[in-house]
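To start, the structure under review is shown below, and the notes come after it.
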Amino acid sequence: MKKITIYISLLAAALLGSCVGDLDQFPKTQSTSNSVYQEFDNYKSVLAKLYASYVIAGQEKGGGDADIVSNSGENCDYLRLLFNMQEVPTEEIAYTWLEGNNMTGLAYMQWDVNDIWVSDMYYRIYYTIALCNEFLRNSTEGDIARFSAAEQEQIRHYTREARFLRALAYYHAMDLYGAVPFVDENDPVGAFTPPRYTADQIFEYVENELLEIYPDMPTASEVEYARAGKSAALTLLARLYLNAEVYTGKQYYTECITACKEIIADGYSLEADYAKLFNASNNLRTNEIIFAFAVDSEHTVSWGSTTYLVCGAIGTVTTQDPNDYGVDTPWGMFRCRPELPAKFGDVNLTRDSRAMFWTDGQDDYLTDITNQGQGYFVEKWTNLTDAGNAASNTQTDGVDTDFPFFRLAEVYLMYAEAVLRGGSGGTTAEALNYINLLRQRAYGDQSGNISLTDLTLDFIIDERARELYWECHRRTDLIRFGLFTGGSYLWQFKGGAVDGRATDSKYDIYPIPYTELSANPNLYNENY
């Protein structure tokens, strides 16, 4: 399987060891920056680590030689943590091992400043930011002047990728935690206490970074798979604009439409088979996938990332055959709450191919969120190749399935929503066309098409669930629609009650961990 060619090297592993504590420090090293950055080839090796920081948790197979010390007791990578934060509190996940994995706070929307998953995500974000900052500190014009003109230009391309990856991490920091500490490559390493930036300030910073770098990034036809190109930066920008009213109180729907139009013009097209976007051959789906986190059983072995999604969604006490998903050993981590399949109507009768649920022997209604016999299992993610074969031994090597972080379908949905919310530069006719393209793929014909009168914001939030479930969107989507907290939309076990109950609006934002508040006097949580 062809994957990204800039895999983490031994050199990068030596440079980028574990780090804990202060956010301004650089990672502990066995080799110093002065020695590593003497060689041009090493820049690409270190860039590889920046990408890999999103899908692996350490320098060895399965997260050994951990990057940072975990509070949860499980050495979890960025993607697994992000999935937990974005999906577990919503109607899209019914988590099985609540007590054993300390997941009760997330599952019931009852976390506090001491929640270990909230803490692990926070420090994982800032670990990636620290890596990017250190790379950029060593990539100034003065630093690279010793290389040839061609090598200097290549490093400048690398710095744009590093800035994109850092902007993505800061976007998540803002989206999850609101006001957060800020540090970049211009700040000193060592005794430095980062200032607190409001969500408005982080928004402005991320926007400016993306606007500055995207024009010089490669187009869809030029970019190497699983590396960030022009449209990856624009898609992050579109997400930023779509959610701007949550972060800043200001509307940027026109800007969102502009970004979406530029992405669409870059030449992407929908993959004909929805299921192939989430199998072990999905690296071939470069027609739709704009940016992916590359995961495979040789270079980025992880018990988190997509191994977590594939193995975790197969029951240990059900009639499912793990071989049907390319899996050796099922984990039984999670199913979904009934509100998700209900968005498809009767999932056993619907012609919508996105309704990928295992229902045999399963009760839809939950009386016990930890009971594997209750809640449908999700069959969306597999470790199967296009030929239907297992791509790897998941028990020893994890899966070979990449995570499509940005894809064209999301851009269509963002365009349509921004038009409905009053943005200029788009039309409802074009929005309807994009939505129906998604539904024609889902139904295989035009029988699932909707009319203009059906195209409402209520429809969009449900269509996003049907198209994007288990892709790390749901919490952010529900917040944007005012449905995540409060009592206007209830789902089973929201707030810990079987049939759901209203929750405090403070849960729209995760708290900065208590340990960080103690270390940095500039920080505070407004509602915890």
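The values are calculated or read from the model by the stated rules, or taken from the named source; none is laboratory data. Remember, it's a predicted structure, so these values are computed and weren't measured experimentally. Glycine gets a Cβ as well: all are built from the backbone with ideal geometry, and neighbour counts include every protein chain shown. Side chains are part of the model used for accessible areas, which takes the heavy atoms of the whole protein and leaves out ligands, DNA and RNA. Shrake-Rupley method; radii C 1.70, N 1.55, O 1.52, S 1.80 Å.
General remarks:
- Pair list, Cβ < 6 Å and 6+ apart or interchain, from region 178-195 residues that are among the aliphatic types (A, V, I, L, M) to residues that are part of a strand (DSSP E or B): Ala179/Arg196
- Residue list for region 71-105, restricted to those being under 17 Å from the mean Cα position of the chain (by Cα) and farther than 17 Å from Glu471 by Cα: Cys76
- Number of the condition not met by Ser302 [criteria: (1) polar (S, T, N, Q); (2) closer than 24 Å to Ala465 by Cβ; (3) surrounded by 18 or more Cβ atoms within 10 Å (Cβ to Cβ)]: (2)
- Selection of region 324-365 for residues being in contact with a strand residue (DSSP E or B) (Cβ under 8 Å, 6 or more places away or on another chain) and closer than 20 Å to Asn101 by Cα yields Met333, Phe334, Arg335, Cys336, Arg337.
- Single condition Lys261 does not satisfy, out of (1) touching a His at 6+ places or on another chain (Cβ under 9 Å); (2) open to solvent by 30 Å² or more (accessible area, probe 1.4 Å): (1)
- Sole residue being of a type in the set (Ser, Thr, Tyr), open to solvent by 40 Å² or more (accessible area, probe 1.4 Å) and touching a residue at least 40 places away in the same chain (Cβ under 8 Å), chosen from Thr476, Thr515: Thr515
- Within region 96-163, helices (runs of 4 or more DSSP H) holding 3 or more residues that are touching a residue at least 12 places away in the same chain (Cβ under 8 Å): 104-107, 116-137
- Test: residue in region 50-73 that is modelled with pLDDT of 65 or more, open to solvent by 30 Å² or more (accessible area, probe 1.4 Å) and more than 26 Å from Thr396 (Cβ to Cβ): yes
- Region 492-505 residues that are closer than 13 Å to Ala94 by Cα, paired with ones that are part of a helix (DSSP H, G or I) and of a type in the set (Gly, Ala, Ser) (beta carbon under 9 Å, 6 or more apart): Phe493/Ala107; Gly496/Ala107
- Pairs meeting the criteria (first residue in region 330-349 and assigned to a strand (DSSP E or B), second residue of a type in the set (Gly, Ala, Ser), beta carbons under 8 Å, at least 6 apart or on different chains) are Phe334/Ala94; Phe334/Gly312; Phe334/Ala313; Arg335/Ala94; Arg335/Ala313; Arg335/Gly315; Arg335/Gly375.
- Residues satisfying the stated conditions in region 480-502, i.e. open to solvent by 30 Å² or more (accessible area, probe 1.4 Å) and of a type in the set (A, V, I, L, M): Leu483, Leu490, Val498, Ala502
- Residues in region 32-44 that are hydroxyl-bearing (Ser, Thr, Tyr), buried (at least 16 other Cβ atoms within 10 Å of the Cβ) and at pLDDT below 95: 2 in all.
- Qualifying residues in region 312-323 (those that are under 25 Å from Leu79 (Cα atoms) and in contact (Cβ under 8 Å) with a residue 24 or more places away in the chain) - the one surrounded by the fewest Cβ atoms within 10 Å (Cβ to Cβ): Asn323
- The residues of region 385-416 that are acidic (Asp, Glu) and either within 22 Å of Asp77 (Cβ to Cβ) or under 23 Å from the mean Cα position of the chain (by Cα) (or both), listed by number, are Asp397, Asp400, Asp402, Glu410.
- The requirement of being small (Gly, Ala, Ser), surrounded by fewer than 16 Cβ atoms within 10 Å (Cβ to Cβ) and more than 30 Å from Tyr78 (Cα to Cα) is not satisfied by Ser505.
- Verdict on Thr382 being open to solvent by 10 Å² or more (accessible area, probe 1.4 Å), within 22 Å of the chain's Cα centre (by Cα), in contact (Cβ under 8 Å) with a residue 24 or more places away in the chain and under 23 Å from Leu79 (Cβ atoms): yes
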